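Just below is one structure, and these are the notes that go with it.
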Amino acid sequence: MLPSNTLLATFLTPGVAWALGVLGLCIWMLFHPRANEPVKILLLFVGFVILGPICDAVMNIESRNTPMKFDYFLYVVDVNLGVSAFSVARLFTDWQGYILYAIYQSLTVFMILWYGLNLTRRDGRPNKLLIAYVVGYLIGPCLYMLLPARGPRHAFGSAFPMGNPDVSPALVQLSGWPNAIPSLHVSTALLFVLFAGKNRALRVVAWIYLAGTVAATLAFEHYLIDLIVAVPFAYFVTRIAEGKTAQALGNFAVVLAWLLTIRFRTPALVMYPAVLRVLAFATIAFAGFSMPGGRKSATNDLLQPLSTELPCAASAAHSRE
C-alpha cells in the first residue's frame, strides 16, 4: 500500500527536509561562526551523500548473487506468530498510509537530526551514536546474505495486503535487493530510543518515531519477524559502540540463531506456534536485559508497548476480516 497521489508522494520524500536542514545549518554557521556542531552535522550529511551510491552498488551486487529468496519462509513464520504484515497493513487507510510513507522515507533525515541533538545535549553521546550507525550499516547487509528476502509487497504483489496466501516454506525467485531481515529501519529507529538519554521529551519523540517506523515497515516492506530480529541487532550495535563486547556478542548470537534457524529449520520452528511466540518475546526481553542498568527499565520500556499493541493489532485484524 504505497501512496497513489504522485504530487503528495513527492512532497513526502525527504528532499524538502534535506534542503531545509542544509539551509538551517548555513544560518546556524552564519550567526555562530565558531560553533563546531553545525560543521559536524554538515559533514555527516556529506557522508550520506557520498556513501549513498556505494551502498546502492553493494546491494545491487547482493541482488545479482541472490536470485532465490526466502520470503515464503518469513511469511510462514509470520502466520504462526499470529500477527502478519498482511493483517497489520490492511488496517491503515489511505491518509494514514501517506503519514507512514513520510515516516518511512525520513529515516536518514532523522539519523542526522538525532546526531545533532546528541551533539548539543550535555548528556549526548554523538561519537557512540556514529559508531552504532557505521556498525549497523556495515554488518546489516552482510546478514542479508544469510537469509535474503524482499518483503511481502514484492513477494506477493497484488495479494498484499488484502489477500491470505497459502504457501509452504520454499525458495522463490525474485529480483531486487534482499534487504528484509533484519529490518535496518526498525533497528535504527530503536537506536534513537537508546540514545535519547534521560530527556523525557526526546524519549517520547523517539518512541513515537519507533512506533511509526514499526507500522510503516509492516505497511510497506517487511515481515513481523524482520522487526523482531532487528531488536537484538540494535542492541548489538549499541553495545559495540559502548565497547561492551560480551553483551554485544550475546545479542549477535540471538540474531544469528534466528537467521540460521529460519533458513534451515523453519518447519520445526513453526511446529508449535505458542513456543514460537514465546521465543519472539524472549528475544526482545533478552535484548533489554543486556543493557547496563536495563534489567528493569529497558525491558519494561521495550516490552510494555509491544505487549499491549500486538494483541490489539491481532484482534483488530480479526474483527475486520
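Coordinate-derived values only; no laboratory data. In this text, all values refer to a predicted model and were calculated from it rather than measured experimentally. Note: ideal-geometry Cβ built from the backbone for every residue, glycine included; neighbour counts use all protein chains shown.
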ask   = Quick one: Karplus J couplings for the range 224-231, per residue in order, coefficients 6.51, -1.76, 1.60, θ = phi - 60°, nearest Hz, x for Gly and Pro?
value = 4, 5, 4, 6, 5, 5, 5, 5
ask   = Taking only the alpha carbons of the range 34-74, what extent do you get along each of the three principal axes, in Å, biggest first?
value = 54, 21, 7
ask   = Based on the Cβ-Cβ distance of Val278 and Phe48, what FRET efficiency does E = 1/(1 + (r/R0)^6) give at R0 = 41 Å, to the nearest 0.05?
value = 0.55
key: Fewest-first sequence of Arg122, Arg239, Arg277, Arg265 by Cβ atoms within 10 Å of each Cβ   = Arg122, Arg265, Arg277, Arg239
ask   = For Leu218, what charge total do you get from the other residues with a beta carbon under 11 Å from its beta carbon, if Lys and Arg give +1 and Asp and Glu give -1?
value = -1
request  = Please report Phe220, Phe45, Phe73, Phe289 as a ranked list, fewest other C-beta atoms within 10 angstrom at the top and most at the bottom.
outcome  = Phe289, Phe45, Phe220, Phe73
remark   = Whole-Å distance linking the alpha carbon centroid of the range 185-245 with that of the range 270-285 is 20 Å
ask   = Considering only the other residues whose Cβ falls under 15 Å of the Cβ of Gly243, what net charge follows from Lys and Arg at +1 and Asp and Glu at -1?
value = +3
ask   = Counting Lys and Arg as +1 and Asp and Glu as -1, what is the net charge of the other residues whose Cβ lies under 12 Å from the Cβ of Asn118?
value = +3
key: From phi via Karplus (6.51, -1.76, 1.60), per-residue ³J(HN,Hα) for the range 210-219 in Hz, x at Gly/Pro   = 4, 4, x, 5, 4, 5, 5, 5, 6, 6
inquiry  = Shape verdict for the range 201-291, please, from the Cα gyration tensor: rounded (a/c under 1.5), prolate (a/b greater than b/c) or oblate.
reply    = oblate
query = By count of other Cβ within 10 Å, fewest leading, how are His222, His154, His185 ordered?
reply = His154, His185, His222
remark   = Over 28 Å (Cα to Cα) among Lys198/Lys244; Lys69/Lys128; Lys40/Lys244 -> Lys69/Lys128
key: For the range 109-192, radius of gyration divided by Kirkwood radius, i.e. Rg to Rh on alpha-carbons   = 1.13
